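Enquirer: Next up is a structure, given as structure tokens.
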Amino acid sequence: MNTAGGAGESGVGADEMLAMLEQMTFIRRFEEEVQASFQRGEVPGTTHLCIGHEAIPVGLAAALGPDDVIATTYRGHGHVLARGADPAAVAAELTGRAMGLNGGRGGSMNLTDFAHGIIGSFGIIGGSMAAATGAGLSFRGTGRVAVATFGDGCANHGYFFECLNFAAVFRLPVLFICEHNLYGEYTPWEQVTAGADIAARARVFGIDATLVDGMDVRAVHRHAAAAVARLRTGEGPVFLECRTYRFVGHSRSDPATYRPPGELEEWQRRDPLIVARDALHDAGVPESVTGEAEGTARERVRQAFATALASPFPEPAVTR
Ligand SMILES: Cc1ncc(C[n+]2csc(CCOP(=O)(O)OP(=O)(O)O)c2C)c(N)n1
Ligand SMILES: [Mg+2]
């Protein structure tokens with residue numbers, strides 16, 4: 001249908017907003033299937049889900065061009081999917097199959113797909129910042145942009161300060177995106193992090209830094225698009241602190257009992273899928289149209305995992 005018209009304050013048209021809702025719904029259902037697959041024993045190692053964070057990968061990906069690159073973390077499945085990696089190859093990597101993005105040998109925490117500008121997912125906190133800063137160094141004067149995503153827990157690591165300083169001094173085209181979900185593993189961020197916000201730390205280096213509503217894909221997209229436009233002109237790095245919340249535990253079967261009662265429910269009221277759906281309904285898009293995202297997402301996830309699980313494991317490594 002022609003859904004031309006606005007979907008709220010962001011300037012994002014309803015068609016684009018609908019596409020973003022579909023993508024967020026797909027990532028949500030994909031991650032739920034990762035968890036189910038993990039519990040069935042099909043995913044070796046561990047998993048860190050981005051359920052609750054979906055507005056960030058989707059709003060960001062819509063602002064990037066095909067020549068831009070991203071370095072993300074172990075909580076990066078959503079970024080990899082949003083950049084356009086083949087979902088079956090992602091599912092296959094998670095389940096250790098030969099057709100996986102990395103031949104089935106990297107797994108959940110190391111998803112890499114150069115064809116889609118994903119230069120790495122990093123299990124080492126801060127590794128994504130270093131990789132994107134290095135990419136930014138090689139992109140100077142080209143108009144290309146390198147993105148680093150990382151968590152609030154990264155803000156106390158040496159990498160954080162070194163990369164911000166280096167990128168600022170050399171005016172690198174790097175977009176630093178902090179996915180601030182209030183916890184580093186099982187520790188509330190304010191117990192280990194001084195200051196009122198993390199963006200303030202970037203400003204010390206003269207970096208343009210903004211707090212963003214990470215539950216609203218329109219806000220993420222608007223800020224990411226403005227940042228990318230600025231970065232292409234060579235004005236130096238930009239920092240976005242996107243406030244979000246993970247609706248699930250840190251990893252594996254973490255029941256997240258360390259959260260205060262009611263906190264999860266409070267954030268779930270601003271579930272990025274609900275925020276996007278409400279904006280579309282307010283813009284006149286009927287529920288019959290927004291509801292289609294659900295069936296499409298489930299079918300794409302079913303196909304991806306069916307393909308992956310039916311595919312062979314890699315040959316055992318040769319040992320010498
Ligand atoms: C250099 C380093 N130190 C410690 C760890 C152990 N570790 C794994 S996840 C994690 C928490 C990180 O929290 P945050 O950066 O907020 O990311 P989130 O998991 O919330 O997305 C830590 C400390 C690590 N992986 N790398
Ligand atoms: Mg965190």
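Enquirer: Pick from PRO286, PRO57, PRO261: which is most flexible by mean-square fluctuation in a GNM of the chain where alpha carbon atoms under 10 Å apart are linked?
Expert: Greatest mean-square fluctuation among the candidates belongs to PRO261.
Enquirer: Let me ask something else. What do you get for chymotrypsin sites (Phe, Trp or Tyr not before Pro) in region 214-320 restricted to DSSP loop and a cutoff of at most 14 other Cβ within 10 Å of the site's Cβ? Could you put the intermediate results ahead of the total?
Expert: Details: sites: PHE239, TYR245, PHE247, TYR258, TRP267, PHE305; in loops: TYR245, PHE247, TYR258.
Answer in residue order: TYR258.
Enquirer: Then there's this: How large is the charge dipole for the chain, taken about the Cα centre, if only the Cβ atoms of Lys, Arg (+1) and Asp, Glu (-1) carry charge, to the nearest 20 debye?
Expert: Details: 27 positive and 37 negative charges, 181 e Å.
The calculation lands at about 860 debye.
Enquirer: What residue among THR307, VAL220, PHE139 has its Cα farthest toward the positive end of the dipole of the chain, where the charges are +1 on Lys, Arg and -1 on Asp, Glu, each on the Cβ?
Expert: Of the options given, the answer is PHE139.
Enquirer: Run the helix sum for the chain: -39,500 (n - 2.57) per DSSP H stretch of 4+ residues, divided by residue count, reported at 222 nm to the nearest 500 deg cm²/dmol. Each step should come with its number before you reach the end.
Expert: On the way: 12 runs with 132 residues, N = 320.
Result for the chain: -12500 deg cm²/dmol, rounded to the nearest 500.
Enquirer: Divide, for the chain, the radius of gyration over alpha carbons by 2.2 N^0.38 Å, where N is the residue count.
Expert: 0.96
Enquirer: Let me ask you something else. Name the residues whose placed amide hydrogens come within less than 5 Å of the amide hydrogen of VAL212, ignoring near sequence neighbours (fewer than 5 apart) on the same chain.
Expert: GLU241, CYS242, ARG243
Enquirer: Next question, about the same structure. If you take the charge dipole of region 246-292 about its Cα centre, with +1 on Lys and Arg Cβ and -1 on Asp and Glu Cβ, which of GLN268, TYR258, THR290 is farthest toward its positive end?
Expert: Of the listed residues, the answer is TYR258.
Enquirer: Which residues make up the longest stretch of the chain clear of GluC sites (Glu not before Pro) that lie in a DSSP loop with no more than 13 other Cβ atoms within 10 Å, not counting the sites? Could you put the intermediate results ahead of the total?
Expert: Numbers: sites that count: GLU9, GLU185, GLU235.
Segment 10-184 is the longest.
Enquirer: Report, in whole Å, the centroid distance computed from the Cα atoms of region 119-143 and region 163-177.
Expert: So the separation of the two Cα centres works out to 10 Å.
Enquirer: Which of rounded, prolate, oblate describes region 103-187, given a ≥ b ≥ c as roots of the alpha-carbon gyration tensor eigenvalues and a/c under 1.5 marking rounded, otherwise prolate only if a/b is larger than b/c? Show your work: numbers first, answer last.
Expert: On the way: a/c = 2.26, a/b = 1.13, b/c = 2.01.
Since a/c reaches 1.5 but b/c is at least a/b, the shape of region 103-187 is classed as oblate.
Enquirer: Moving to a separate point now. For a quick check: with amide H placed at 1.01 Å from N, whose amide H comes under 5 Å from GLY120's, ignoring anything fewer than 5 positions away on the same chain?
Expert: THR72, ASP113
Enquirer: Right, next: Give me a comma-separated list of calculated 3J(HN,Hα) values for region 203-208, in order, Karplus coefficients 6.51, -1.76, 1.60 applied at θ = phi - 60°, integers in Hz, x for any Gly or Pro.
Expert: Going residue by residue, I get 5, 4, 8, x, 8, 5 Hz, with x marking Gly and Pro.
Enquirer: Taking a quarter of the surface of the Cα convex hull of region 172-236, what do you get in nm²? Could the numbers behind the result be given before it?
Expert: Values: hull surface 20.1 nm².
Orientation-averaged projected area of the Cα hull: 5.0 nm².
Bear in mind that the values in this text are calculations on the coordinates, not laboratory data. Source: prediction; values computed, not measured. Using ideal geometry, Cβ is built from the backbone for each residue, glycine included, and neighbour counts are taken over all protein chains shown.
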